[in-house]
């Protein structure tokens, strides 16, 4: 075993192995990606249940969370661009919830210190629905919503 | 008309004008939002993933003869990809045929790499895990013409013939619904639901339409080539299937590509 | 071996902007094939982005993220010439890691 790694493992102090290895600067990105996946949160079928599964309750409506470059109408529900910017101080995580999807939670992003609390990605929408940007900041939950209409384009999509 | 009747008529006309105006306004807003959607998609085009795969495929020896596409002449010399797409279709003496990009790639697969025609055209259009090598190769080649002006030449008699055939096909009504391409694409201002239909008989319409294909079709989850677009139009018109690598497909492509001459090629694009 | 991602990383001022295109079916598990059988769910579950040994983003995804996922984010730090790594793991346990140099 590599001496640096052995050194890191010896330090103990109650950290998980993953954290120890990360601290030693030896964490390969594939291993970092082998993080836990919150299955229960991805199985929920309502906005309230999803918020609970993510550890929150009754999120406060916030004008400090905005959807940018996110169109009101998606020509096709298979690819809907969603960009969220959170100006809530100390944002720790941003989650995208799609109310009328078979499962509400689309994605959760953990924002480490130093990373802009802003995310751009693309999601699938089964039908016209409210899309919620759920933000966790200082352990509290905040939310903003936007309705996105989903259409079928011209000739049979 | 009596005076009261005229007043009623005027009132109806006024209401009609407001309703029309309101509907037009709503339609404009919708069009604006759709334009925003299309713009938001431009930021990250999965076509690039196909281009990367295609580039690797282009350089790798393949087939029974283990020959790479670097031996394939797309009209600018063996292996020359830059600027090749904007001069296609063209007549190739070695094949004695006018060929578009897809049929030329198939020709190289058969005559240089040693595949049979059936093997080469087994999967022209990808479907999820069933990938199409041709789609990736097409994405790579067209990407290498990005920004260059369309420059299809009808100098050769074979090209003139193909253009004339394509034009005839464009206006030919057939199938169960008596459709022609021109039914949807022969006039300005037509649309199907939210999809504006380009007028392909005008230079401007043909340029706008042709220069953004091939494209990653979001609704298909795949990069779609120009022969796919034609094949799907035939399907939607309830025509018999447009055969891949057929003279029919090449003729229509010749007609539309030449009509697009002068415009900067802007593909591979991304569409709904 | 899953296909490579396309990563672009650009530094300007004190911020590095990262844009990623990933190759993945992101199958929802809701669709049926022509025989009527459900096509099993197959999607990226976790994503991690690192730069100079530090995690700059981590994410958990469900199948509602679009096919051939696109992701864009910014972080303070990084410099031209540094490398950004993006790694993902999907629900089949397949993994992919790619890196790009910050321009």
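Here are B:200, B:154, B:105: which of them is closer than 30 Å to residue B:27 by Cα, in contact with a helix residue (DSSP H, G or I) (Cβ under 7 Å, 6 or more places away or on another chain) and in contact (Cβ under 8 Å) with a residue 12 or more places away in the chain? Break it down stepwise before answering.
Numbers: B:154 fails: closer than 30 Å to residue B:27 by Cα; B:105 fails: closer than 30 Å to residue B:27 by Cα.
Matching residue, one of B:200, B:154, B:105: B:200.
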Scanning region A:51-75 for residues that are in contact with a helix residue (DSSP H, G or I) (Cβ under 9 Å, 6 or more places away or on another chain) and within 30 Å of residue B:46 (Cα to Cα), the one farthest from the other protein chains (Cβ to nearest Cβ) turns out to be A:70
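Residues checked against (1) facing another protein chain (nearest Cβ under 9 Å); (2) more than 26 Å from residue B:223 (Cβ to Cβ); (3) not in a loop (DSSP other than H, G, I, E, B):
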{"position": "C:18", "(1), (2), (3)": "no, no, yes"}
{"position": "C:36", "(1), (2), (3)": "no, yes, no"}
{"position": "C:59", "(1), (2), (3)": "yes, no, yes"}
{"position": "C:67", "(1), (2), (3)": "yes, no, no"}
Every listed condition ((1) at the interface with another protein chain (Cβ under 9 Å from one of its Cβ atoms); (2) farther than 20 Å from residue A:82 by Cα) holds for residue C:41 save (1)
Out of the residues in region B:39-50 that are at the interface with another protein chain (Cβ under 7 Å from one of its Cβ atoms) and outside any loop (DSSP other than H, G, I, E, B), state the one that is nearest to residue B:131 (Cα to Cα). B:49
Quick check on region A:76-117: of everything there that is touching a residue at least 40 places away in the same chain (Cβ under 8 Å) and within 14 Å of chain B (Cβ to nearest Cβ), which residue is farthest from the chain's Cα centre (by Cα)? A:76
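Suppose the filter is more than 19 Å from residue B:141 (Cα to Cα), in contact with a strand residue (DSSP E or B) (Cβ under 8 Å, 6 or more places away or on another chain), at pLDDT below 95 and not assigned by TED's automatic domain parsing to the domain that holds residue B:125; does residue B:30 pass it?
Values: more than 19 Å from residue B:141 (Cα to Cα): yes; in contact with a strand residue (DSSP E or B) (Cβ under 8 Å, 6 or more places away or on another chain): yes; at pLDDT below 95: yes; not assigned by TED's automatic domain parsing to the domain that holds residue B:125: yes.
In short, yes.
Mind listing just one residue for me: the one in region A:118-133 that is more than 7 Å from chain C (Cβ to nearest Cβ) and part of a loop (DSSP other than H, G, I, E, B) and, of those, farthest from residue C:29 (Cα to Cα)? Give the steps one after another, and end with the answer.
Of the residues in region A:118-133, the ones more than 7 Å from chain C (Cβ to nearest Cβ) are A:125-133.
Checking the rest, the ones that are also part of a loop (DSSP other than H, G, I, E, B) come to A:125-128.
Values: A:125: 14, A:126: 13, A:127: 17, A:128: 20 Å.
Only one residue tops the list, namely A:128.
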For the list (1) out of contact with any strand residue (DSSP E or B) (no Cβ under 6 Å at 6 or more places or on another chain); (2) within 14 Å of chain A (Cβ to nearest Cβ); (3) closer than 30 Å to residue B:40 by Cα, I need the number of the one condition that residue B:140 fails. (2)
Output the number of residues of region A:100-114 satisfying the condition of being surrounded by 18 or more Cβ atoms within 10 Å (Cβ to Cβ) and over 23 Å from residue C:76 (Cβ atoms). 5
Only one of (1) more than 10 Å from chain A (Cβ to nearest Cβ); (2) in a strand (DSSP E or B) does not apply to residue C:25, and that is (2)
Select from region B:53-63 the residues that are assigned to a helix (DSSP H, G or I) and surrounded by fewer than 20 Cβ atoms within 10 Å (Cβ to Cβ) and list them in ascending order. B:55, B:56, B:57, B:59
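The values are calculated or read from the model by the stated rules, or taken from the named source; none is laboratory data. Quick caveat, the model's predicted, so the values are computed rather than measured. Methodologically, a virtual Cβ is constructed for each residue, glycine included, from the backbone with ideal geometry; neighbour enumeration extends over all protein chains shown.
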